[in-house]
Structures are given as structure tokens and as C-alpha cells.
Amino acid sequence: MSSPSQTLPSQSDTTSQPTETPPKETAESPTPARGQKLPPTLFIIFGANGDLTKRKLIPALYNLAASHNLSKKFAVIGVDCVSMSNEEFRDKIDREIREFSSQPIASQVREWLRQRMHYLAGDFTDPQTFDLLRAKLHEVDLSQGGAGNYLYYMATAPIFFSEIVQHLAGKGLIAQHKGGARRVIFEKPFGHDLASAKVLNQQLCTILAENQIYRIDHYLGKETVQNILVFRFANGIFEPVWNRRYIDHVQITVAESLGVEHRGAYYEKAGAVRDMVTNHLLQLMSYIAMEPPNAFDAEAVRDEKAKVLRAILPMEAEEVMRSTVAGQYGPGTISGHPVLAYRDEPHVASNSNTETFVALKLFIESWRWGGVPFYLRTGKRMARRVTEIVIQFKSAPLMLFRKTPIHHLNPNRLIIRIQPEEGISLNFGAKIPGPSVQVGTVDMDFQYGKYFGDTPNTGYETLLHDCMAGDATLFQRSDNVEIGWSVVDPILDVWRELGAQATRPYESGTWGPPESDALLEKDGRKWRNPG
Ligand code: BG6
């Protein structure tokens, strides 16, 4: 993440459209838009034939190329077990760019990228694959004029992470070089619980230095998520009220209308807590709750995140029963179309207890947050796709308008909308014009697209950019990951004991099981369900 010190251009400066020209191949360019020139890089993707590569990584690389961020000495080596020639791989990538890109395709940029794509077929567990990889790296390095830095991306099932790293080490492909960085990006899930995350961290740490390890959470690459830090720490007016004196509670909702799609086999073992809470929701929570870091760099930011997550009050079994809700979607309707129950999805057991929804109430034990509930919920097949954070402030201390026809004043809410609409709004009461005093709720509304123009973004561009630039601020450090697991492990333990009783059914196309509403209602509060 580049330093936030630049002044943003005014609205009128930001209407330009994505460029249609390919990266210019002069010695001094391409110049990364985020203010840091990207070094020459060989980007090696393990799992090049998989879903993540085609849906996220390649479109993100396309966007980086289209915005002139990639070095002319950039190249990709895709590794996977499927047998394919270079040309077949290039054709496949060509088709997928067209299918999954988030912006209109410029043929010159596509061709520029195509020329830099290479493929190697091989089994990740076979040492011979890594001999072939070494030869391929050498060959591509030579043809590209010495790419210098190797960035490995583990887009594979987690069981391969440690083994691939060991093979790379065995072939001398991962030790840091003078003048050549060696970095590895690990996709989630990073472990299955605290114990397995610790084992994985230990295994990797015997081979890699922490500054070579980039544990990705794609939520941290979203512009609106990065903006939380700018909103909080680059403005003087919010920080004084950002605490237990003024804030009543915080709601974090990450709702999806999609079901598990074709990922039933993975999801059966994961569930909503492992899939979404340990990483995305706790990261959002840490951005809202952390203290200001003393510098805007990887260590300072990650120290503050770790501190706040460590202060989450651990739950005893009784608290888990009172403060958590697990749900599983049944059949229902999404956008007017009937959809299947989770148990009828492919690769899902017909008696599965896996949760596709979770709602939690968490507390942070600190002077800033003591007694302020953080309500978190996430689920699949919910009423609509929306990610937002609601900061609800305490009501005014006096009902000054008691003698007027006003029976109820809505509390002020600051709503940070992460997706699909991106923006921030502040609700407050205003007098409705007329002879009597009547109060209505109005919005001060900032919309990203309206002000800055739409940016074609998969969420991975920033993260890939930052990793090539060696900036780990937006990546999770080992302690961050382990703290995440230590928050959720006690919850999962209790649910496991409860078995089938733990998971409440909900109809697809709704906001989750009624118990989720009850979680807030018993505290006299209500979820904001955006229409
Ligand atoms: C992934 C989860 O990390 O995030 C998916 O594995 C989920 O289950 C996805 O659908 C949501 O990401 P986004 O960016 O679409 O909100």
C-alpha cells in the first residue's frame, strides 16, 4: 500500500478512462500508478489451471499491465498437473481474460501479456517438476533479459503449501539472492485451526524469513477497506468520537447472495467461520478498532492489528451459546429464481451440519472499546450481496423534543459501504419542513464512483503490486493469523459438541435465521438490512 500522503485529485481531475495502450517499453517505464516502480519479476503460479488463476490473478495482471504498472521484464510461469503446451496455455489465458476481465480488453495489452506467459506441466509433489522449473526459470530469465526477482503464488490446495516450499528450497530456488528477491504468496485458508496454523507457520519459518512470506487476504486489497485507515487516521474529526463514550455498537455484515457453487467439497470442511470470519471479518474489525500506528509501514500497522485482535474477550462455552448463531441455508428464491438447499448442492453431505451463516457478538477488552459490542455476520444465499460496516453512535443524552410529536429519534449511524456500492454515509436527524417540529433521518453521502470514477479492480491488483514492490502492510503476519484462529477455535469446539443442534436453518434469500435477529434484539438493537 503506497503512502497515503499524496493529495487526491479533485473530481474533475479523475474522469479519465482506463488506457487503451499497452505498457510502454522504455527504460524508465512502466511507472506504477501507486507511486512505486515495480521491479522486473518472474511470477510463478502453482495452480495455474485453477479457478483462482482465471477469475482473479490473470484479470488482476491484465489490469496492472493496462495501467502501465508491470515491468517490461515481467513474465508468468504457470505450473499445474494438466498437460498443456505453452501455446495452449496462452490461448486459454486469452479466452479467460476476455471472459473474466473487469474492463474492456485492449488487444495490445492482451498480446503484451500473452507473450509473457509460459507453462510447465508437473506434479507439485514430484521433485522432478522442480528440476524442470529451474530450467524453465533460467530459460525465461534469459529470454526476458534477466527478470531478477521470483514471486511464487500458491494458488493450490493448502496441503501442498509446505511441500512445494520444501521442493523449491531443495532446488535452491527460494533462498534470497543478492539483487534477487524471493517471495511467496499463500492463499487462504492458512491452517484449519490454531494448532494447524502454528504447524504451518513453523514449517515455513524453517525455510523462509517472515519478510518472504505474504499471507493474502483479498479483502485488504479492496479500495474501500484500505480507505478505512485513511478515513480514520487522515481526518481529525472522527478520532475523538471513535470510542466507548460515543459509540453504542458496531455491526459488520458480509452477505453474499451466491451459494457454495462448485466448492462444496472445500466448503464442507471449512464452513462460514473458517472461510470468512478468521480472515475477512476479523481483518475488517481490526481496521475499525485498532489504535493509530506510529508509522504507516508493515510492522507498525500489523503490530496494532495484532494488539486489538489479541484483546478480543475469549468466549467460555456458555458465552458461545449466548453470543453466537450458526445457520445453514435451505431452499428459497434469489433474484426471482428458485435455488437449492445447501444439503442438495454438489459434493455436500445430505445430513451436513456445516454452517453457511454465522452471527457473533464480540467484545474488545480495552480502554477504547470496553463494553461496546461488535456484531459480526456473514452468510451465503442471503437477501443480497452487501458488505458494510455500521458504526452506531449513542443517542443524544436528552429527549429535548419530548413535548413535540416526536416519539422516537434514530441514533446517528456512520455506514461504511465496502461493496457492491462503495462509499460512506452519515445519518442524522433533521427537521422536516413545516409548522410542527418533526424529525426525519437524512444522509450525508459520499460515493466512490461518483467522486473518483469507477476503477476496474478485482481486489488482487494492489496486493500483487505491493508484493512485487516488497510492501507487506496489507498482508497477514504469522501472529495475526494465529490470533484469528484463537478467537474462533472455542466457538467451533462448542458447535462441534452440539452437533446438529448448533446449526439453524434459514431460507435462501433472507437475512439468515431468526436467531440472528434475536441476538441483537435481546440487547435492544437491530441489524441494518440494506434494501
Ligand atoms: C473468499 C471465500 O475468501 O471470499 C468465498 O472463500 C467468498 O467463499 C469470497 O465467496 C467473497 O469475496 P468477495 O470479494 O466476493 O466478497
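The values are calculated or read from the model by the stated rules, or taken from the named source; none is laboratory data. Keep in mind the model is a prediction, meaning the values are calculated, not measured. Here Cβ is always computed from backbone atoms with ideal geometry, including for glycine, and neighbour counts include all displayed protein chains. Just the protein is used for accessible areas: all its heavy atoms, side chains included, with ligands, DNA and RNA removed. Shrake-Rupley method; radii C 1.70, N 1.55, O 1.52, S 1.80 Å.
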Cut-off 17 Å (backbone N to label point 7 Å along Cα→Cβ of R310), residues of the stretch 351-377: 364-369
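Can you tally the net charge around N480? Count Lys and Arg as +1, Asp and Glu as -1, for every other residue whose Cβ sits under 11 Å from the Cβ of N480. Don't skip to the end; give the middle numbers.
Details: positive: R215, R302, K305, K307, R310, R477; negative: D217, D303, E304, D479, E482.
Spelling it out: positives minus negatives among the neighbours equals +1.
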Cα long-axis angle, helix 127-143 against the chain (0 to 90 degrees, to the nearest 10): 80 degrees
Alpha-carbon centroids, the stretch 174-234 and the stretch 71-102: separation in whole Å: 25 Å
Per residue accessible area in Å² of the stretch 184-250, where ligands, DNA and RNA are left out and the probe is 1.4 Å: 39 Å²
The stretch 100-183: trypsin sites (Lys or Arg not before Pro) falling in loop per DSSP and having at most 13 other Cβ within 10 Å: K178
Net charge contributed by nearby residues that have their C-beta within less than 15 Å of Y342 (K/R +1, D/E -1): -2
Distance in nm between pseudo-label sites at V230 and E497 (7 Å out along the Cβ direction from Cα): 4.7 nm
Carbon + sulfur, % of accessible area of the stretch 406-493 - ligands and nucleic acids excluded, 1.4 Å: 54 percent
Computed lengthening from S83 to V241, 0.36 nm per intervening residue step minus Cα-Cα distance: 51.0 nm
Efficiency of FRET between A135 and A430 - r from beta-carbon atoms, R0 51 angstrom, step 0.05: 0.15
With every protein chain in place, the stretch 88-146: carbon and sulfur % of accessible area (1.4 Å): 48 percent
Net charge dipole size for the chain [Lys, Arg +1 and Asp, Glu -1 on Cβ; Debye, nearest 20]: 1080 debye
Loop-located GluC sites (Glu not before Pro) in the stretch 304-341, at most 16 other Cβ atoms within 10 Å (DSSP): E316
Under 26 Å from the Cα of K73 - lysines, other chains or at least 8 residues apart: K24, K37, K54, K56, K92, K136, K171, K178
For the stretch 328-372, accessible area per residue (1.4 Å probe, heavy atoms of protein chains only), Å²: 49 Å²
Residue-span extension gain [E291 to W367] - 0.36 nm each, minus C-alpha spacing: 26.3 nm
Those lysines that a straight Cα-Cα span of less than 20 Å connects to K305, excepting residues fewer than 8 apart in one chain: K188, K198, K222, K361
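Count charges around P411 for me, please; just the other residues with Cβ under 9 Å from its Cβ, Lys/Arg as +1, Asp/Glu as -1.
Once positives and negatives cancel, what remains is +1.
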The stretch 245-312 and the stretch 356-386: distance between their alpha carbon centers, rounded to Å: 9 Å
Nearest 10 degrees, 0 to 90: helix 223-233 Cα axis against the chain principal axis: 60 degrees
Loop-resident sites, the stretch 222-309, for trypsin sites (Lys or Arg not before Pro), counting at most 12 other Cβ within 10 Å (DSSP): R245
Accessible surface of the stretch 231-352 [probe 1.4 Å, protein heavy atoms]: carbon and sulfur percent: 54 percent
Heavy-atom accessible area per residue - the stretch 464-531, 1.4 Å, Å²: 40 Å²
Extension gain, K394 back to Q419 (0.36 nm per residue minus Cα-Cα distance, nm): 6.4 nm
Area of W511 that stays accessible when all protein chains are in place (1.4 Å probe, Å², to 10): 40 Å²
